Each structure stands twice: as structure tokens, then as C-alpha cells.
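Heads up: the structure comes next, in C-alpha cells.
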Amino acid sequence: MKLNLSNLQSPLGETMMVTDADHKLLALDLIACKTCQPRMLRSDHDFTYGPPPAELATALGLFFGGNLEALQEIVVEPSGSAFQQEVWNALRRIPAGRTTSYGQLAKDLGYDDPRMAKMIGAANAANPIAIVIPCHRVIAKNGDLKGYAWGVERKKWLLDHEGALLQPDRPLELGFPGF
């Protein structure tokens, strides 16, 4: 399969984007994050290097510029298990400016076993398309930011950018409609 590899600057650092011939987003990672290199780069795919597809670069630019809904129209096609796909689809339904907990996301997906929160966390950690599949919007039940593949400081930046963090006059918003 022939894939396109592009770099794009962002407020979080330089990103690496992998797209297919139809401009579907397959991976988005931060170059400075040594542990985040897309798995597909370690495979035998045929890559073409060039500028990012204009529509993706525009959508990301709009998002970082303050249009928090700009990423909704990006077509993603991450590679993962059926469970991971279920979690990643749910993540895309969390509105910008809102957060949920790992346990609440498990409940929203219909899982009653409290241990599923750890499985949700593992699926989040395997997310190959940061920001667009907003795993940064999932936090601990007590409001702690917990881990993030790009670093907790970047997770905090994203949540600040979206207006989702605690402010003195605003309670933490956990949970979201849509299930």
C-alpha cells in the first residue's frame, strides 16, 4: 500500500502525518516524541514524502487557531482491533471543551465491569491519531490528567486550548451526551 508521509508544524511541535491516496488520516504523531512513531513506519509500506493534504493542514490550522470543531470532518482510518475502534469512535463523539473519565467512558459504551476502565486506558494509549481522535479528553475520575503519549504538559495544553480544564468559576465537566 502506498502511503503519504507529511510533516506539519503545530503549537505542540512538529507533527508527522500519514495519509492514504484518498487523504484519509491513518496516523498523526509528534516528531519530538520518540515513543510515538507510527507503527506503520516500522512496516513495509511504500511511502511518498511531501506536503500534507491541504484539507487536513487547513483543518488542523483552524483547530489550533481556535475553531474547535474544525477536526470533525477529517476522515480517519486508524488500524486497530474491534475494541480499539469502538473506543476511538467514542472518543470522536466527546465534544471539544468537555472531558470524561475512563470509567465513565466504559459505562457509556455499555460495559458494567469497572475493570474495563483499564481496557479503555489501553485503547487510548494505542490511539495512532492524536488530537483528531481526542484521547486527551479522557482523564481520571478525580480530575487528574494521568498519562498521555505526547506528555501530560501537552495534554494540559490541549485541554486549556479547548477550555476544558477547571476554572475557579466552572466545575469539571465529566461525561458527555451522545451514546
Next item on the list: May I ask you to verify whether Leu71 is modelled with pLDDT of 95 or more, of a type outside the set (Asp, Glu) and either under 20 Å from Arg137 (Cβ atoms) or not in a strand (DSSP E or B) (or both)?
Entry: yes
Check: Do we find that Thr48 is polar (S, T, N, Q), surrounded by fewer than 18 Cβ atoms within 10 Å (Cβ to Cβ), modelled with pLDDT of 95 or more and on the phi < 0 side of the Ramachandran plot in this structure?
Finding: no
Check: Before we move on, is Ile120 over 25 Å from Gly66 (Cα atoms) and buried (at least 20 other Cβ atoms within 10 Å of the Cβ)?
Finding: yes
Checklist line | Residue in the stretch 129-157 that is surrounded by the fewest Cβ atoms within 10 Å (Cβ to Cβ), counting only those that are basic (Lys, Arg) and under 17 Å from Lys107 (Cα atoms) | finding: Lys141
Note to self: I need a count of the residues in the stretch 81-135 that are hydrophobic (A, V, I, L, M, F, W, C), in contact (Cβ under 8 Å) with a residue 60 or more places away in the chain and farther than 25 Å from Glu55 by Cα.
What the structure shows: 1
Note to self: Checking Leu91 against (1) surrounded by 16 or more Cβ atoms within 10 Å (Cβ to Cβ); (2) more than 20 Å from Ala164 (Cα to Cα): exactly one of these is not met. Which one?
What the structure shows: (2)
Margin query: Here is a check on your reading of the model: is Leu91 touching a Pro at 6+ places or on another chain (Cβ under 6 Å) and part of a helix (DSSP H, G or I)?
Written below: yes
Check: Tell me, which residue of the stretch 51-63 that is touching a residue at least 24 places away in the same chain (Cβ under 8 Å) and surrounded by fewer than 17 Cβ atoms within 10 Å (Cβ to Cβ) is nearest to Asn7 (Cα to Cα)?
Finding: Pro51
Next item on the list: Return a yes/no flag: does the stretch 38-45 have any residue that is touching a residue at least 60 places away in the same chain (Cβ under 8 Å) and assigned to a loop (DSSP other than H, G, I, E, B).
Entry: yes
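The values are calculated or read from the model by the stated rules, or taken from the named source; none is laboratory data. Everything numeric in this text was worked out from a predicted model, so none of it was measured. Heads up, the Cβs are rebuilt from the backbone with ideal geometry, glycines too, and the neighbour counts pull from every protein chain shown.
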